[in-house]
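Step one of this worksheet: look at the structure below.
The values are calculated or read from the model by the stated rules, or taken from the named source; none is laboratory data. Please read all numbers here as calculations on a predicted model, not as lab measurements. Because the Cβ atoms are built from the backbone with ideal geometry, glycine has one as well, and the counts that use them run over all protein chains shown.
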Amino acid sequence: MTQKKATGRFRSEVKKNLFRIPISITKDMESWLQSLSNTMKATGGYKLPKSYVLRSLLNAAMELGIDASGVKTEEELEERILEAIKRYKKG
């Protein structure tokens, strides 16, 4: 069971028992994450940390029912994710 603690800094709950996973991303990906956070703040929200954004993306992806069988490349996995998003949208 994950315990949560409310904080005033980000106005959301901080999850405990998280695993730290170092990742390598491109400069474009980092810029996109930064831009997304900046948009949140500029439109009246809070500038959430990149880790919050990535966890939100993973939580959403976990709901998609991604078919990862036989995947051999990062590009192929990306295609499967996009296919799962299309299926999810159709309902």
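See the values below:
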{"read-out": "Index of the failed condition, LYS86 passing every other in (1) outside any loop (DSSP other than H, G, I, E, B); (2) surrounded by 14 or more Cβ atoms within 10 Å (Cβ to Cβ); (3) not β-branched (Val, Ile, Thr)", "value": "(2)"}
{"read-out": "First in the range 46-66 and free of Cβ contacts under 8 Å to residues at least 40 places away in the same chain and closer than 17 Å to ARG87 by Cα, second anywhere and among the charged types (D, E, K, R) and surrounded by 13 or more Cβ atoms within 10 Å (Cβ to Cβ), Cβ under 7 Å, 6 or more apart", "value": "ILE66/ARG80"}
{"read-out": "Pair list, Cβ < 9 Å and 6+ apart or interchain, from the range 15-29 residues that are free of Cβ contacts under 8 Å to residues at least 24 places away in the same chain and assigned to a loop (DSSP other than H, G, I, E, B) to residues that are of a type outside the set (Ser, Thr, Tyr) and surrounded by fewer than 10 Cβ atoms within 10 Å (Cβ to Cβ)", "value": "LYS16/GLN3; LYS16/LYS5; ASN17/MET1; ASN17/GLN3"}
{"read-out": "Matching residues, the range 42-64, being surrounded by 13 or more Cβ atoms within 10 Å (Cβ to Cβ) and either of a type in the set (Asp, Glu) or part of a loop (DSSP other than H, G, I, E, B) (or both)", "value": "TYR46, LYS47, LEU48, PRO49, LEU64"}
{"read-out": "Number of positions in the range 70-89 that are farther than 29 Å from ASN17 by Cα and without any contact (Cβ under 8 Å) to a residue 12 or more places away in the chain", "value": "10"}
{"read-out": "Residue check for SER12: more than 12 Å from the chain's Cα centre (by Cα), modelled with pLDDT of 95 or more and closer than 30 Å to ARG87 by Cβ", "value": "no"}
{"read-out": "Test: residue in the range 23-39 that is modelled with pLDDT of 95 or more, over 15 Å from the mean Cα position of the chain (by Cα) and under 28 Å from GLU13 (Cα atoms)", "value": "yes"}
